[in-house]
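Student: What follows is a single structure, and I will ask about it in a moment.
The values are calculated or read from the model by the stated rules, or taken from the named source; none is laboratory data. Computed from a predicted model, the values in this text were never measured in an experiment. Every residue, glycine among them, receives a Cβ derived from its backbone with ideal geometry; neighbour counts consider all protein chains shown.
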């Protein structure tokens, strides 16, 4: 094997396992409130259950269940969901009962130093506007607007 090659293998992120304390509650939250698609709900015995859900349009899924991980539940932080219209996405989630933070944007955008201002970025620049929500176990999600290409 040539280790000096500049070719990099594709590394596809396909699944993130989330720690949850109640699988059925988390399943209801992600499928019915957030709108993820249920791909798999498999439980061959009482000690193991895997539930896989995929955000609409995503190539990466989440897994929740029993017997999947051996660390305590929650909170996983800052898992990003990139959207083309943050205001619309936030409104839809609020209508479905998800508690979503107010929208904020980076300031100053061209020399960002970690500051934020309320509302959408006035120019709707990519990667500049954010909102957050958490699942019942405190796993934190960031909604980030990017509109320059179809998502």
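Student: Quick one: would you say residue 20 is touching a residue at least 24 places away in the same chain (Cβ under 8 Å), more than 22 Å from residue 147 (Cβ to Cβ), in a loop (DSSP other than H, G, I, E, B) and in contact with a helix residue (DSSP H, G or I) (Cβ under 8 Å, 6 or more places away or on another chain)?
Tutor: On the way: touching a residue at least 24 places away in the same chain (Cβ under 8 Å): yes; more than 22 Å from residue 147 (Cβ to Cβ): yes; in a loop (DSSP other than H, G, I, E, B): yes; in contact with a helix residue (DSSP H, G or I) (Cβ under 8 Å, 6 or more places away or on another chain): yes.
Here the answer is yes, as residue 20 does meet what is asked.
Student: While we're looking at this one, here's another question. With 112, 71, 141 as the choices, which residue is in contact with a helix residue (DSSP H, G or I) (Cβ under 9 Å, 6 or more places away or on another chain) and either buried (at least 16 other Cβ atoms within 10 Å of the Cβ) or assigned to a loop (DSSP other than H, G, I, E, B) (or both)? Step through it out loud before you land on a result.
Tutor: Values: 112 fails: in contact with a helix residue (DSSP H, G or I) (Cβ under 9 Å, 6 or more places away or on another chain); 71 fails: in contact with a helix residue (DSSP H, G or I) (Cβ under 9 Å, 6 or more places away or on another chain).
141 is the lone residue from the list that is in contact with a helix residue (DSSP H, G or I) (Cβ under 9 Å, 6 or more places away or on another chain) and either buried (at least 16 other Cβ atoms within 10 Å of the Cβ) or assigned to a loop (DSSP other than H, G, I, E, B) (or both).
Student: Residue 126 - would you say it is within 18 Å of the chain's Cα centre (by Cα), at pLDDT 95 or above and on the phi < 0 side of the Ramachandran plot?
Tutor: Numbers: within 18 Å of the chain's Cα centre (by Cα): yes; at pLDDT 95 or above: no; on the phi < 0 side of the Ramachandran plot: yes.
So residue 126 fails the test.
Student: Assigned to a strand (DSSP E or B) and surrounded by 10 or more Cβ atoms within 10 Å (Cβ to Cβ), is that true of residue 42? Spell out the reasoning first.
Tutor: Working: assigned to a strand (DSSP E or B): yes; surrounded by 10 or more Cβ atoms within 10 Å (Cβ to Cβ): yes.
Yes: the conditions hold for residue 42.
Student: Answer yes or no as to whether residue 58 is surrounded by 12 or more Cβ atoms within 10 Å (Cβ to Cβ), without any contact (Cβ under 8 Å) to a residue 40 or more places away in the chain, under 19 Å from the mean Cα position of the chain (by Cα) and assigned to a loop (DSSP other than H, G, I, E, B).
Tutor: On the way: surrounded by 12 or more Cβ atoms within 10 Å (Cβ to Cβ): yes; without any contact (Cβ under 8 Å) to a residue 40 or more places away in the chain: yes; under 19 Å from the mean Cα position of the chain (by Cα): yes; assigned to a loop (DSSP other than H, G, I, E, B): yes.
Answer is yes for this residue.
Student: So if I check each of 34, 50, which one is more than 20 Å from residue 89 (Cα to Cα), crowded, with 17+ Cβ neighbours inside 10 Å and out of contact with any helix residue (DSSP H, G or I) (no Cβ under 6 Å at 6 or more places or on another chain)? Steps first, please.
Tutor: Details: 34 fails: more than 20 Å from residue 89 (Cα to Cα).
The unique qualifying residue is 50.
Results for (1) within 13 Å of the chain's Cα centre (by Cα); (2) modelled with pLDDT under 95, shown as yes or no for each residue.
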residue: 15; (1), (2): yes, no
residue: 40; (1), (2): no, no
residue: 45; (1), (2): no, no
residue: 48; (1), (2): no, no
residue: 52; (1), (2): no, no
residue: 69; (1), (2): no, yes
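Student: Quick one: residue 147 ticks every box in (1) surrounded by 17 or more Cβ atoms within 10 Å (Cβ to Cβ); (2) modelled with pLDDT under 95; (3) farther than 22 Å from residue 41 by Cα except a single one, so which number is it?
Tutor: Condition (1) is where residue 147 drops out.
Student: Checking residue 64 against (1) under 19 Å from residue 13 (Cβ atoms); (2) outside the structural domain of residue 37 (by TED's automatic domain parsing), which single condition isn't satisfied?
Tutor: So the condition that residue 64 fails would be (2).
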